Amino acid sequence: MHTTTSPHPRSAPVATVTGPSPSAGPARLEALDLARLVAIVGMMAAHLLVPLGAAPAGSPWQNAAARIASVLTEGTSAALFAVIGGCSLVLASRKRLAAGDRAGAVRSGIVRGALVLAIGLLLGFVPTWVVVVLVPFGLGMMITAPLLLCSSRVLAAIALVLTAVGGWLNASVRSDLRIVQEIGNVTPMNVLEPLTLLRGLALTGMYPLITWLPYLLLGVILMRSLLGAIEAGRVRRWSLTVLGTGVGAAVIAYGTSAAVKAWALAQGEDKMLLDLHGFGAPLRSDLWMQALATPHTGSIADIIATAGVSVAVIALLMLVIPPARHLAGALPRALRAAGAAPLTIYTIHVVLTGAAMIAALVVAGPDAFESAPWFIAGVWILLAHLAVVVLIGLVLSARGSRGPLEALVSGVAGRAGGRVRGNVQKQS
């Protein structure tokens, strides 16, 4: 995650071009902060709107909201979050790698991931229906940190292999074990069964590393490419190229999925089975299921589709807000500041869902979730969570500070990496 704060002139109505000096390096990538915010808001919508579809007596507009949120956010938001995680690792390690401090860069990245993992473990104690992504995300960061020393070609090869075989291998293992999903939220209690925990994180959990790592590696490759484009003064060309590539990949993957789904239905496959979202893997190990872009399955089509959407979102925002521009106005700056505090906001969001769950159990009893009261799921509670996001952004923007968890993770990881030596200036 970024470590600097750029000044924002008060007179500009929307944005201003500042043109940082070459010696200062590229300005803070505010487009990436907004991409983080898009990912967080997308996950909030998935958590707070999609459950409306499970309510037995849901109104038509509730069902419509659930379907829209499902189509737009399930799978894609988590993938975008992971891709940006890879981008952030590159930005966080750039200063050290430029100074030749390879060991410090790796050490700092591993500690950064370990802290995210630890926060995820603590959130595992929160009584919520949200499957907290931070444990596999943090472990993925820890694995990716040493890979920062590899070339982008090597990273691309690893990502392609995992994409090609991960979903099928995952489904095969689950079939042999006769399980659909082994681990949801991970808590410190899971450490008491280390083999089951490792198997769940690698294969049988909701976010298995075998199909989760490609997103992080893609983020590393993408950010390296973007930084090269910034240095060469070709950000617009880069944005247009990546946008077209991402949209094209997503269209091909979703189009192929629709065609294969139609073929499967003609062969007599159960429509409910084909429409059912995954729990970290395809529901069967049949090779044709790798062509279905069903959310949360880690199939080849799912990874290509969600990766395509992720890079397209980042490229589109980079096209609208290139590195030399900064958002102006209280609300845009607040949204940017909120996007720069994804760990803090995600944690607060999970805690609020836990509080809502406890309140529902006290007020309505054990069937509260099925009845979906307004503070469990719905447009109004989503708006309340979004209001919290804006409020946090306003406070952070006014103070010119980072989110508290971001500051903690960055500070501890920086100290773990040691002092950077060399004549390299601080980058975004």
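The values are calculated or read from the model by the stated rules, or taken from the named source; none is laboratory data. Since the structure is predicted, the reported quantities are computational estimates derived from the model, not experimental observations. A quick note on method: Cβ atoms are made from the backbone with ideal geometry, for glycine too, and the neighbour counts reach across all protein chains shown. Surface areas here come from the heavy atoms of the whole protein model, side chains and all, with no ligands, DNA or RNA. Shrake-Rupley method; radii C 1.70, N 1.55, O 1.52, S 1.80 Å.
Structure values in brief
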{"item": "Answer from Gly166, Gly113 - the residue that is crowded, with 22+ Cβ neighbours inside 10 Å and closer than 30 Å to Gly354 by Cα", "result": "Gly113"}
{"item": "Candidate set from segment 121-163 (those that are small (Gly, Ala, Ser) and at pLDDT 95 or above); member that is farthest from Tyr215 (Cα to Cα)", "result": "Ser151"}
{"item": "Residue that is modelled with the lowest pLDDT, among those in segment 379-403 that are crowded, with 16+ Cβ neighbours inside 10 Å and part of a loop (DSSP other than H, G, I, E, B)", "result": "Arg402"}
{"item": "Residue in segment 218-234 that is assigned to a helix (DSSP H, G or I), open to solvent by 70 Å² or more (accessible area, probe 1.4 Å) and closer than 24 Å to Val133 by Cα present", "result": "no"}
{"item": "Filter result for Val71 (of a type in the set (Val, Ile, Thr) and either open to solvent by 30 Å² or more (accessible area, probe 1.4 Å) or touching a strand residue (DSSP E or B) at 6+ places or on another chain (Cβ under 8 Å) (or both))", "result": "yes"}
{"item": "Test result for Val313, open to solvent by 20 Å² or more (accessible area, probe 1.4 Å) and either in a loop (DSSP other than H, G, I, E, B) or touching a Ser or Thr at 6+ places or on another chain (Cβ under 6 Å) (or both)", "result": "no"}
{"item": "Identity of the residue in segment 255-272, surrounded by 17 or more Cβ atoms within 10 Å (Cβ to Cβ) and either among the basic types (Lys, Arg) or under 29 Å from the mean Cα position of the chain (by Cα) (or both), that ends up nearest to Thr294 (Cα to Cα)", "result": "Ser257"}
{"item": "Residue within segment 352-373 that is within 20 Å of the chain's Cα centre (by Cα) and surrounded by 18 or more Cβ atoms within 10 Å (Cβ to Cβ) present", "result": "yes"}
{"item": "All positions within segment 41-65 that are at pLDDT below 95 and open to solvent by less than 10 Å² (accessible area, probe 1.4 Å)", "result": "Leu48, Leu52"}
{"item": "Segment 85-110, subset of a type in the set (D, E, K, R) and closer than 17 Å to Leu227 by Cβ, residue surrounded by the most Cβ atoms within 10 Å (Cβ to Cβ)", "result": "Arg96"}
{"item": "Verdict on Ser285 being among the hydroxyl-bearing types (Ser, Thr, Tyr), over 22 Å from Leu218 (Cβ atoms) and in contact with a Leu (Cβ under 9 Å, 6 or more places away or on another chain)", "result": "yes"}
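Residues checked against (1) in contact (Cβ under 8 Å) with a residue 60 or more places away in the chain; (2) over 19 Å from Val409 (Cβ atoms); (3) small (Gly, Ala, Ser):
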position: Val41; (1), (2), (3): yes, yes, no
position: Leu49; (1), (2), (3): yes, yes, no
position: Ala82; (1), (2), (3): yes, no, yes
position: Ser93; (1), (2), (3): no, no, yes
position: Ala99; (1), (2), (3): yes, yes, yes
